[in-house]
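Structure first, then comments.
The values are calculated or read from the model by the stated rules, or taken from the named source; none is laboratory data. The model shown is predicted, which means the values in this text are computed figures rather than measured ones. Neighbour counts run over all protein chains shown; Cβ positions are idealised from the backbone, glycine included.
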Amino acid sequence: MRLNPFDTGSIDVRSSGGGLPGGKAGGLGCGTIILAAVGYFVFGMDPFQTAAVVEGVQQNSQAAGPASTDEQEICTSSEYATEACNALTSLNQTWAQTFEQQGFGDRFRQPTLDLYGGGGVRTACGSGSSAMGPFYCPGDTTIYIDTSFYDTLAQQLGARGDFARYYVLAHEYGHHIQALTGVLDQMDSAQRANPQIANQLQVLVELQADCYAGVWAGRNRNLIEPGDIEEGMNAAASIGDDRLSGGRVSEEDFTHGTSEQRSQALRLGLQGDDRRCDAITRLR
C-alpha cells in the first residue's frame with residue numbers, strides 16, 4: 001500500500017515501556033476477554049490472566065509510564081515504526097473526514113499510538129505486555145503495539161506483507177472508532193447484563209473492528225497495490241479463533257470470530273461503507 005509519509009505534528013505517537021520499538025525490518029475493547037484468545041493460543045498465556053490484565057477500564061485508572069514523545073525519533077526508529085506512523089496519518093485523515101461527512105465532526109478525536117519496545121507497559125487499562133499482542137485501551141484512547149509482533153505475525157502465523165501489518169493497526173483503530181461512537185460502552189453493558197453470551201458479543205465487537213479496518217482500505221483504494229487485499233485476507237484468516245485454537249476450544253468460547261468470519265468482515269468493509277459495519281453490533 002503506497003501510503004504518504006507520516007506528518008509529524010499531526011499524529012500523537014509515543015514510545016514507552018521499554019525504549020524505542022525495534023523490528024526485523026529495521027481487541028481491546030472493553031469487556032474482560034478481548035485478548036485472551038491471542039495470548040493463550042499464540043503465546044501460551046493463561047487466558048484469564050490475560051483478561052485480568054486488561055479488565056480494568058472501570059477499575060484501574062493507572063497512568064502510562066514514562067514515555068518518549070519525540071515523534072520523528074520514534075517514527076524513524078525502524079521500518080515497522082515508519083509504516084505504523086504512515087498508516088496512523090492516513091487513518092486519522094480518513095476517519096476525521098468520515099465523521100465530518102456524517103455530521104459528527106465534533107465527536108472525532110485522534111487516538112494515541114504507543115510503539116513500545118519490549119517488556120511491559122503501563123496503561124489506563126492496567127499493565128500490558130508484548131505477549132498480549134497489539135491492543136487498544138479505551139481508558140486512555142491509546143493503541144499499544146510492540147512492533148516485534150509483526151515478526152510473530154509473519155513467522156508463526158504466516159501473515160506476511162505490509163498490508164497485513166496495516167490491517168493489524170487498522171483493526172485496533174477500529175476499536176477506537178467504537179469507543180468514539182459508544183459501541184464499546186454499549187457492548188460492555190450488554191455483556192455484564194447477560195454474561196452467558198459475553199463471548200458471542202465480544203466476537204461482534206471484533207468483527208466490527210475488522211470491518212472498520214476494511215473501510216479505511218476501501219476508501220483509499222487508489223493507494224492499494226497488487227497483492228494487498230490478499231495479504232489482508234490472509235492476515236484476518238490467520239488470527240481466527242478456529243485456526244489459532246487448532247480445534248482445542250469450542251466455538252462457544254471464541255472471542256474474535258472464525259477465520260471465515262474475520263475475512264468476511266474485512267471484505268464487507270472494503271466496500272467503503274462504514275454503515276454496513278455499524279449493523280454488526282446493533283442490538284435489537
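Please work out which residue is farthest from Met233 (Cα to Cα), limiting yourself to the range 185-214 and to residues that are crowded, with 21+ Cβ neighbours inside 10 Å and of a type in the set (D, E, K, R). That would be Asp188. Inspection of the range 89-110 finds no residue satisfying the criterion of being surrounded by fewer than 20 Cβ atoms within 10 Å (Cβ to Cβ), touching a Ser or Thr at 6+ places or on another chain (Cβ under 7 Å) and within 27 Å of Gln156 (Cβ to Cβ).
Restricting the first member to the range 217-243 and to residues that are on the phi > 0 side of the Ramachandran plot, and the second to residues that are at pLDDT 85 or above, the beta-carbon pairs closer than 7 Å and six or more apart or on different chains are Gly227/Gly161. Among the residues that make up the range 123-131, is at least one of them at negative phi, surrounded by fewer than 24 Cβ atoms within 10 Å (Cβ to Cβ) and assigned to a loop (DSSP other than H, G, I, E, B)? The answer is yes, given that some residue of the range 123-131 is at negative phi, surrounded by fewer than 24 Cβ atoms within 10 Å (Cβ to Cβ) and assigned to a loop (DSSP other than H, G, I, E, B).
Within the range 264-280, residues that are closer than 9 Å to Arg219 by Cα reach partners that are surrounded by 15 or more Cβ atoms within 10 Å (Cβ to Cβ) and of a type in the set (Lys, Arg) with beta carbons closer than 8 Å, at six or more positions or on different chains, in the pairs Gly272/Arg219. Of the candidates Tyr136, Tyr116, the single residue that is outside any helix (DSSP H, G or I), hydroxyl-bearing (Ser, Thr, Tyr), in contact with a Leu (Cβ under 6 Å, 6 or more places away or on another chain) and under 17 Å from Ile11 (Cα atoms) is Tyr136. With a requirement of 1 or more residues that are more than 30 Å from Gly103 (Cβ to Cβ) and touching a helix residue (DSSP H, G or I) at 6+ places or on another chain (Cβ under 7 Å), the helices (runs of 4 or more DSSP H) lying completely within the range 160-221 that satisfy it span 162-181, 198-218. The residues on offer are Asp46, Asp70, and the sole one that is of a type outside the set (S, T, N, Q), at pLDDT below 90, over 20 Å from the mean Cα position of the chain (by Cα) and under 28 Å from Ala198 (Cα atoms) is Asp46.
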